[in-house]
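Written below as structure tokens is the structure these notes are about.
The values are calculated or read from the model by the stated rules, or taken from the named source; none is laboratory data. These numbers were taken from a predicted model, which means no experiment stands behind them. Cβ placement follows ideal geometry from the backbone for every residue including glycine, while neighbour counts extend to all protein chains displayed. All accessible areas refer to the heavy atoms of the entire protein, side chains included, with ligands and DNA or RNA removed. Shrake-Rupley method; radii C 1.70, N 1.55, O 1.52, S 1.80 Å.
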Amino acid sequence: AGIVLCAFFSLAATASAELIDRVVAVVNNDVITLSELQQAVAFNTALGGKGSGRRLEQETREGLINGRLLLQEAYRLKFAEASEEEIAAEVGRLRQRLGSEDAYRAFLARTGLTEERLSRMLGDRLLIERFVEKKIGIFARVSRDEAQSYFEDHPEEFKDKRFAQVQKSITALLSEQKVSQQLDQYIAELRDRAVLRLNPLQEEEQ
């Protein structure tokens, strides 16, 4: 289950007109704004995300809601934390992925993110990832017998290979599947308990 990054954003007032941000969702009294949604869409698109239009906005909003629920739980249960040094390392990895300082600056301009806001987004993502690992990953372990059964049930995937050669890759695959399934179930439970309010993504035309 993909988890889309979440953070609060506000639209800046321009010299010609003042823009008032709209609320597109409320998650347990935690507001998600239209500008936050737009920047999340821009962020994911800039990093190679697929899709466009209203469907992409809807999927991104769902991802923001799920991420906000997980973040709230991470803080409530005090399962994980991310230091400033670790967040800086996440920013460094993004810089490296983009390839150059010019590309990094262009990325910020394209998404409308400040460096402070980007750091907060990546920090939230790191916190969510650690929370999921501690809360769910520990219960998604794969036994040798499970890996062996997968190997025997999918001979077409492992032609001319022995089990010992592919055991690690099979274990990683099955573990990822287990985490995804349990995460989907956990998020569904959080959504059932949460107070959610969704507003139209676009204002109705007059």
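Details
- Residue within the range 171-178 that is within 30 Å of ASP21 (Cα to Cα) and either open to solvent by 60 Å² or more (accessible area, probe 1.4 Å) or touching a residue at least 40 places away in the same chain (Cβ under 8 Å) (or both) present: no
- The helices (runs of 4 or more DSSP H) located wholly in the range 32-114 that include 3 or more residues which are surrounded by 16 or more Cβ atoms within 10 Å (Cβ to Cβ) and within 17 Å of the chain's Cα centre (by Cα) occupy 34-46, 53-77, 84-98.
- Every residue from the range 80-128 that is farther than 23 Å from ARG68 by Cα, touching a helix residue (DSSP H, G or I) at 6+ places or on another chain (Cβ under 7 Å) and not aromatic (Phe, Trp, Tyr): ARG95, LEU98, ARG110
- Pairs meeting the criteria (first residue in the range 109-121 and within 16 Å of ALA46 (Cα to Cα), second residue open to solvent by less than 80 Å² (accessible area, probe 1.4 Å) and not in a helix (DSSP H, G or I), beta carbons under 6 Å, at least 6 apart or on different chains) are MET121/LEU5; MET121/ALA7.
- Within the range 155-189, the set of residues being within 31 Å of the chain's Cα centre (by Cα) and either part of a loop (DSSP other than H, G, I, E, B) or of a type in the set (Ser, Thr, Tyr) (or both) comprises SER169, THR171, SER175, SER180, TYR186.
- Yes/no for VAL142 being within 30 Å of ILE32 (Cα to Cα) and at pLDDT below 95: no
- The residues of the range 80-106 that are without any contact (Cβ under 8 Å) to a residue 24 or more places away in the chain and of a type in the set (Gly, Ala, Ser), listed by number, are SER83, ALA89, GLY92, GLY99, SER100, ALA103, ALA106.
- Selected residue (criterion: modelled with the lowest pLDDT) from residues of the range 115-137 that are more than 12 Å from the chain's Cα centre (by Cα) and hydrophobic (A, V, I, L, M, F, W, C): ILE136
- The range 140-158: number of residues that are among the hydroxyl-bearing types (Ser, Thr, Tyr) and touching a residue at least 12 places away in the same chain (Cβ under 8 Å): 1
- Boolean, PHE151 is open to solvent by less than 50 Å² (accessible area, probe 1.4 Å) and out of contact with any Ser or Thr (no Cβ under 6 Å at 6 or more places or on another chain): yes
- Sole residue being within 30 Å of SER169 (Cβ to Cβ) and open to solvent by 80 Å² or more (accessible area, probe 1.4 Å), chosen from ARG120, ARG130, ARG141: ARG141
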